[in-house]
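Participant: I am attaching a structure below and will ask some questions about it afterwards.
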Amino acid sequence: SYDADAENVEIKINYDEKVVTVTDDGIGMNHDELNQNFLVIGRNRRKAEGTGVSKVKKRKVTGKKGLGKLAVFGIAKTIEVYSIKDGMKNAFSINYDEMKAESESEYKPKVIYENENTNTNEQSGTVVKIKEIKQSTIMGIEDLAYNLSRRFSFYDAEFEVKLIDENSQQEQPITKSIYFEKLEKEFEWKFPEDFLNDINSVEEFKR
């Protein structure tokens, strides 16, 4: 989502059905981009595109070789990807058990939509659904927000991420401060209050 220049991301978790849905308002992917870029494992994005920044906002991209999407199958059996770009919708699903059982050399994801015109005012963006999660429990949104705050540092007004518990309708925005607020503090200062004496007395600070 960050690499796709999204500004808003919602991560909805259905704890009863064990489904996680990630929705963003990024630039989306067309049919060719899904096939040639997203689904290709080991593709060096920075080399292929000749740049290490996103297309619109020029963000330093986080993804590199597309290996991260395989990590999903460590916790779930099925992933569905829906993407809209330039008024066209494409979508597919990948089932891990079917992929392992494929006897041919090339596994083909199941097509859900292929170059379908959007008949509504659906905006560009991508939805990723993680289904058939194998874990007995899914982490609560407060703990998940803390872990994501610790893992990534690019949450700000131009990249807002919100966790939603679909069962209780509780919402939890993810911010940089969540992680730092939970750090154990040995020393703490307030600026400029705690430095007023030095500021007023040291000549170099006065400048």
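The values are calculated or read from the model by the stated rules, or taken from the named source; none is laboratory data. The structure presented is a predicted model; accordingly, all values stated were derived computationally and were not measured. Here Cβ is always computed from backbone atoms with ideal geometry, including for glycine, and neighbour counts include all displayed protein chains. Only protein heavy atoms, including side chains, enter the accessible area calculation; ligands, DNA and RNA are left aside. Shrake-Rupley method; radii C 1.70, N 1.55, O 1.52, S 1.80 Å.
Participant: Checking the conditions here, which among Phe187, Phe180, Phe191 is part of a helix (DSSP H, G or I), out of contact with any Lys or Arg (no Cβ under 8 Å at 6 or more places or on another chain) and modelled with pLDDT under 95? Can you show your working first?
Facilitator: Details: Phe187 fails: part of a helix (DSSP H, G or I); Phe191 fails: part of a helix (DSSP H, G or I).
After applying the criteria, what remains is Phe180.
Participant: I'd like the residue in segment 149-163 that is of a type in the set (A, V, I, L, M) and buried (at least 19 other Cβ atoms within 10 Å of the Cβ) and, out of all such residues, is farthest from the chain's Cα centre (by Cα). Before you say what the answer is, go through the steps one by one.
Facilitator: Pass one, segment 149-163, residues of a type in the set (A, V, I, L, M): 157, 161, 163.
Applying the additional criterion that residues be buried (at least 19 other Cβ atoms within 10 Å of the Cβ) yields 161, 163.
Values: Val161: 8, Leu163: 11 Å.
In this case the residue turns out to be Leu163.
Participant: Return the total of residues in segment 155-177 being of a type in the set (Lys, Arg) and outside any strand (DSSP E or B).
Facilitator: Residues of segment 155-177 of a type in the set (Lys, Arg): 162, 176.
If we keep only those that are outside any strand (DSSP E or B) as well, we get 176.
Number of matching residues: 1.
Participant: Kindly establish whether Leu196 is open to solvent by less than 90 Å² (accessible area, probe 1.4 Å), assigned to a helix (DSSP H, G or I) and more than 27 Å from Val19 (Cα to Cα).
Facilitator: Numbers: open to solvent by less than 90 Å² (accessible area, probe 1.4 Å): yes; assigned to a helix (DSSP H, G or I): yes; more than 27 Å from Val19 (Cα to Cα): yes.
Yes: the conditions hold for Leu196.
Participant: Between a first residue in segment 1-19 that is at negative phi and a second residue that is at pLDDT 95 or above and among the basic types (Lys, Arg), which pairs have beta carbons less than 8 Å apart while being 6 or more apart in sequence or on different chains?
Facilitator: Pairs found: Asn8/Lys162; Val9/Lys162; Glu10/Lys162; Ile11/Lys162; Val19/Lys129; Val19/Lys131.
Participant: Scanning for something of a type outside the set (S, T, N, Q), closer than 27 Å to Asp86 by Cα and part of a strand (DSSP E or B), does segment 131-154 turn up at least one residue?
Facilitator: Taking every residue of segment 131-154 in turn, none turns out to be of a type outside the set (S, T, N, Q), closer than 27 Å to Asp86 by Cα and part of a strand (DSSP E or B).
Participant: While we're looking at this one, here's another question. Within segment 9-34, how many residues are within 20 Å of Ile112 (Cα to Cα) and not in a loop (DSSP other than H, G, I, E, B)?
Facilitator: Result for segment 9-34: 10.
Participant: So Arg43 ticks every box in (1) at pLDDT 85 or above; (2) assigned to a loop (DSSP other than H, G, I, E, B) but one. Which box is left unticked?
Facilitator: With (1) at pLDDT 85 or above; (2) assigned to a loop (DSSP other than H, G, I, E, B) applied to Arg43, the lone miss is (1).
Participant: Continuing with this model, one more query. For Ile178, which of the numbered conditions (1) open to solvent by less than 70 Å² (accessible area, probe 1.4 Å); (2) in contact with a strand residue (DSSP E or B) (Cβ under 8 Å, 6 or more places away or on another chain) fails to hold?
Facilitator: Condition not satisfied by Ile178: (2).
Participant: Here is a further query. Can you pull out the residues in segment 61-109 that are at pLDDT below 90, surrounded by fewer than 15 Cβ atoms within 10 Å (Cβ to Cβ) and among the aliphatic types (A, V, I, L, M)?
Facilitator: Matches in segment 61-109: Leu67, Leu70, Ala71, Met99, Ala101.
Results for (1) under 25 Å from Glu7 (Cα atoms); (2) free of Cβ contacts under 8 Å to residues at least 60 places away in the same chain, shown as yes or no for each residue.
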| site | (1), (2) |
| --- | --- |
| Ile94 | no, yes |
| Asn119 | yes, yes |
| Ile133 | no, no |
| Phe159 | yes, no |
| Glu166 | yes, no |
| Gln172 | yes, yes |
| Trp189 | no, yes |
| Leu196 | no, yes |
| Ser201 | no, yes |
